[in-house]
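These notes concern the structure reproduced below.
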Amino acid sequence: MSRIHDALRRVEAGDKVLSPPEWPIPVPMEVRDSANGNHTSTEDRHTVATAVAHAVHPASDFEACRRFPWQPDPRVVLSFDEPQRDSATEQFRGLRSRLYRMREVQALKSLVVTSALPFEGKSFVATNLAQVLSLHAERRVLLIDADLRTPRLHSILGTSCTPGLTEVLMQEAQQTQIIQKGAAENLFFMPAGRTVRGQSELLSNSRFKALIAGLQDFFDWIVIDSPCANKFSDAASLASGCGGVLMVVRANSTPSDVIRKAIEKFPEEALLGIVLNDLESDVAEARKAGVRHAS
């Protein structure tokens, strides 16, 4: 039985695979990496070999992306600048460490963050994972809102939703025209763009794969927030053009058969792991602090 399915059994049994986290912090239940050791980061050994259908913009163009006065929602976006590290930010640093260890044994630059159902915390995880990945010097990170049905990341970051991914896929704009930069030097954001019909068809054509392949030549990490897997086919389409999938599961809420159904929508080799969110034992303490999830 694979590690992913073993993780499912533990979720169903209510086991904590790693050390107990603070709510609403993600816990990587099982991550598919064969490397051992406790180091926290490695040099990027991944070489992109994918054919790109569109020309890649030079790095200087991305550096010139327009800066936006983001106003992040403090109830969702964690602060990694606090002088004293808390368990919340440390859990995300732990997740980052596992992803870097996985990079030693497989090509991994882009990943899709999804969930079986809405309101499990996938946008919360995607936002803060992108943040913590961007803390490494000279590691450019792009956060993409690919939930073209109910985009949330622009609200979380406090910025504009348009123009964005929709306009790029419809060939109405270039990447450098819609990618935003906030105050952080290494963190970039591609919003969802305007709402149009036929979202599944827009995400499943070759343009999205070509877009990601081209962007991987400039960005060290690309984190993609997607719609929930059981309701739409979008997440599976997005995953086919990316290096892997993180499945976010709300603890003590999502039935194991629902999780299993969502996992079956992806090839087993694409599943990086399960992120356990919202442990009941810590809900009261987190609510006192005024922290909440993003769906």
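The values are calculated or read from the model by the stated rules, or taken from the named source; none is laboratory data. Note that this is a predicted model, so its numbers are computed, not measured. Cβ placement follows ideal geometry from the backbone for every residue including glycine, while neighbour counts extend to all protein chains displayed.
Looking across the stretch 206-239, not a single residue is β-branched (V, I, T), touching a Leu at 6+ places or on another chain (Cβ under 7 Å) and either surrounded by fewer than 24 Cβ atoms within 10 Å (Cβ to Cβ) or assigned to a helix (DSSP H, G or I) (or both). Only one of the listed residues (N252, N277) is under 18 Å from the mean Cα position of the chain (by Cα), of a type outside the set (K, R), more than 18 Å from S110 (Cα to Cα) and modelled with pLDDT under 95. That residue is N277. When V249, V258 are checked against the criterion of being buried (at least 20 other Cβ atoms within 10 Å of the Cβ) and either over 22 Å from L142 (Cβ atoms) or aromatic (F, W, Y) (or both), V249 stands alone in meeting it. Of everything in the stretch 118-149, what is under 18 Å from T254 (Cβ atoms), touching a Lys or Arg at 6+ places or on another chain (Cβ under 8 Å) and crowded, with 24+ Cβ neighbours inside 10 Å? Give them in sequence order. Hits for the stretch 118-149 are E120, G121, S123.
Of the residues making up the stretch 162-198, just one is under 17 Å from the mean Cα position of the chain (by Cα) and part of a helix (DSSP H, G or I), namely L165. Residues in the stretch 164-175 that are surrounded by fewer than 17 Cβ atoms within 10 Å (Cβ to Cβ) and not aliphatic (A, V, I, L, M): Q171, E172, Q174. Modelled with pLDDT under 50, charged (D, E, K, R), surrounded by fewer than 16 Cβ atoms within 10 Å (Cβ to Cβ) and part of a loop (DSSP other than H, G, I, E, B): which single residue out of E43, E22 fits that description? When all the criteria are applied, what remains is E43. Here T195 meets each of (1) on the phi > 0 side of the Ramachandran plot; (2) free of Cβ contacts under 8 Å to residues at least 60 places away in the same chain; (3) surrounded by fewer than 20 Cβ atoms within 10 Å (Cβ to Cβ) with one exception, condition (1).
Filtering E201, E104, E167 for residues that are out of contact with any His (no Cβ under 9 Å at 6 or more places or on another chain) and in contact (Cβ under 8 Å) with a residue 40 or more places away in the chain leaves a single hit, E104.
Comparison of G158, G164, G182 shows that the only residue that is of a type in the set (G, A, S), more than 17 Å from D220 (Cα to Cα) and at pLDDT below 95 is G182. The lone criterion from (1) in contact with a strand residue (DSSP E or B) (Cβ under 9 Å, 6 or more places away or on another chain); (2) at pLDDT 95 or above; (3) among the charged types (D, E, K, R) left unmet by D73 is number (1). Among the residues making up the stretch 125-161, a single one is in a loop (DSSP other than H, G, I, E, B), acidic (D, E) and closer than 14 Å to P227 by Cα: D147.
Here L99 fulfils each of the conditions (1) part of a loop (DSSP other than H, G, I, E, B); (2) hydrophobic (A, V, I, L, M, F, W, C); (3) on the phi < 0 side of the Ramachandran plot apart from (1).
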